[in-house]
Amino acid sequence: MSQSNLNDKTTLTGKRKLEDMSENSSSDEDEESLFLQQAKEVFSQQRKPFIIPQFPENMPDKVNSDEDDDDENFTDDESQLSNEETSEQVQEEVSEEEQEEEMEKMEESIEQLAAGREEKEDADIIIAICNAAKPQEKIKPPDLRSSVNCMVTDISFHPSKELIAMSNIEGEITCYKYGNEENELLHTLNHHKKSCRVLSFNHDGALLFSASKDKSVVITDTETMTVMQSFRKAHDSPIYSLLCMDANIWASGDDDGVVKVWDKRRAIQKPVAEYKEMDEFVSSMITDSGSRLLVCTSGEGTLTAFNTRAKKMEGQSEVYPSEMNCVGLIRQETKVIAGLGNGNMYIFDWKAFGYHSDAFGDHPSAINCMIPIMDNIVITGCDDGKIRAISLFPHRFLGVVGHHKFPIERLDISTCGHYIASTSHDGRVRFWNISYFEDPNLKLMESTTKKSVRNKKRSLRKEKLGFQLPSSKRRNKGDFFAGLAEPEPGPAEPEAESDSDAASDSDAESASEAESEDVK
């Protein structure tokens, strides 16, 4: 065979092989395509349906087609793992939502509490305003005014009835029945031609003594309001002070320092005893329960005691730098306290009148009048128009009882002990309810601010000089909406113990400072 024929055969055989291979490959592709379609149909029928878990509302309801195609290629184990992971994610998301809901509920509850508290505060404020608008309960008698609108010189409470007598600079005497609702005018007397300086009921209230600048003394029966006795020339100088010592004995003092003791049982209008031991006016008088000693203060600055039974002077103090305007008995009549024009107060032991045993000198102005209301509490009337309460042993200011625009001239206390009356230059008599002093639970002027030991006494003195007591019409700055403040939680006893410990610590510090100063 020739070489060309062999080449042609080989080419033919190669073509045939390529054709056969192409035919086989095409048939295989057809078979594979057919097999894949059938397999897909079979597998889709036999495969379990995929359960889609219930997602929250904010999750999409349908899954993307790409994710579905990927899930089809997973095996059974992989599908189980994916289901567990998705369930854990769902639980985490649900727990986060529950926490968010709880936080929202807490916020709502806090908002509700805040709103409730605001409503309560608003209601409390409204109640406070309504209570302030209501007419308050009257706890003291209304003020009295002089009929001729002139200066009231003296006042005196009846010892057993709700009756008060007042005199003015014109010599007129008026008697009122006082009460919380209103005051009723009972009598008007015109016994004196000049200013009536002194008024005083006797011990049982049956007689009213009055002394005047015209040097006369008149004794009036309080039942009939008739004159029982009249002493036209009782003194050679105008009478300044008068005191009923017992049922029959009374004493008077004039502008020249003369003291006279009288007995109303005597038919002759002459004094039982007469003393001239002072050079200035006799400002005030007191006596003890036995009426043995008559203690007088004078404008020359001395305290003088007279023995009315022995008719001699018992003792006299040294001359003090200012006039003595008032005097009182304290500590169960064992001590005498005197108020001076320079604002000082001196305490003398009974029957030891030569020199004072104690002093209290913190008043900012002159002390014009004084009245002891308890065994260790004294009320003073000063030139600055303030009525102050002072505690003695230990000595400290309790606060301001009341106010006048002008200097306080006279003070007196009612029989029940609940009211004091005060007079000034404004022509009126004011009443002050002081029954709160009888409350044992009342704590007056407790300082809540911490102060250094060095400035503690000075700052407390300044605070208490202007501290308003419940009887005062004015209010302290710290009392504004004080009733709306919520009490602090916790027992009261530990606080009291801590307060006492703090007080003891401060006392110990002050004592140590005093000792160091003494050593220096």
message: Quick test for you: out of ALA305, ALA338, pick the one residue that is of a type in the set (Gly, Ala, Ser), over 39 Å from the mean Cα position of the chain (by Cα) and surrounded by 16 or more Cβ atoms within 10 Å (Cβ to Cβ).
response: ALA305
statement: Of HIS203, HIS191, the only residue that is in contact with an Asp or Glu (Cβ under 7 Å, 6 or more places away or on another chain), closer than 23 Å to ALA267 by Cβ and part of a loop (DSSP other than H, G, I, E, B) is HIS203
message: Could you go through region 133-140 and let me know if any residue there is over 17 Å from VAL429 (Cβ atoms), assigned to a helix (DSSP H, G or I) and modelled with pLDDT under 75.
response: yes
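Do you know which residues across region 333-390 are in a loop (DSSP other than H, G, I, E, B) and β-branched (Val, Ile, Thr)?
Matches in region 333-390: THR334, ILE373.
Filter region 271-289 for residues that are of a type in the set (Gly, Ala, Ser) and under 22 Å from ILE371 (Cα atoms); which is most open to solvent (accessible area, probe 1.4 Å)?
Among those that are of a type in the set (Gly, Ala, Ser) and under 22 Å from ILE371 (Cα atoms), it is SER289.
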- request: Output the residues belonging to region 255-270 that are modelled with pLDDT under 95 and buried (at least 19 other Cβ atoms within 10 Å of the Cβ).
  value: none
message: Can you tell me how many residues within region 411-426 are assigned to a loop (DSSP other than H, G, I, E, B) and not β-branched (Val, Ile, Thr)?
response: 7
query: SER365 passes all but one of (1) modelled with pLDDT of 95 or more; (2) within 25 Å of ASP279 (Cα to Cα); which number fails?
result: (1)
- request: Considering every residue within region 370-379, establish whether at least one is farther than 16 Å from CYS296 by Cβ and buried (at least 20 other Cβ atoms within 10 Å of the Cβ).
  value: yes
- request: Those residues that are surrounded by fewer than 21 Cβ atoms within 10 Å (Cβ to Cβ), in contact with an Asp or Glu (Cβ under 9 Å, 6 or more places away or on another chain) and under 27 Å from CYS150 (Cβ atoms), I need them from region 417-441; list them, please.
  value: HIS425, ARG428
- request: Among the numbered conditions (1) touching a Pro at 6+ places or on another chain (Cβ under 8 Å); (2) in a strand (DSSP E or B), tell me where GLY402 comes up short.
  value: (1)
- line: Contact list, first residue from region 273-300 and farther than 21 Å from ASP236 by Cα, second anywhere and among the acidic types (Asp, Glu) and surrounded by fewer than 24 Cβ atoms within 10 Å (Cβ to Cβ), beta-carbon distance below 7 Å, six or more apart or interchain, is ASP288/GLU333; SER289/GLU333; SER291/ASP246; LEU293/GLU314
Single residue of THR153, THR220, THR174, THR224 found to be hydroxyl-bearing (Ser, Thr, Tyr) and assigned to a loop (DSSP other than H, G, I, E, B): THR224
statement: In region 160-173, residues that are surrounded by fewer than 20 Cβ atoms within 10 Å (Cβ to Cβ) and either over 23 Å from GLY253 (Cα atoms) or of a type in the set (S, T, N, Q) (or both) total 3
query: Give me the pairs: first residue in region 238-259 and at positive phi, second residue outside any strand (DSSP E or B) and among the aliphatic types (A, V, I, L, M), beta-carbon distance under 7 Å, and six or more apart or on different chains, which are they?
result: GLY257/MET278
task: For residues that are among the basic types (Lys, Arg) and surrounded by fewer than 23 Cβ atoms within 10 Å (Cβ to Cβ), scanning just region 387-416, find the one that is farthest from the chain's Cα centre (by Cα).
output: LYS405
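The values are calculated or read from the model by the stated rules, or taken from the named source; none is laboratory data. All values derive from a computational prediction rather than experimental measurement. All Cβ positions, glycine included, derive from the backbone under ideal geometry; neighbour counts span all protein chains shown. Just so you know, the surface numbers come from the protein's heavy atoms only, side chains and all, with ligands and any DNA or RNA stripped out. Shrake-Rupley method; radii C 1.70, N 1.55, O 1.52, S 1.80 Å.
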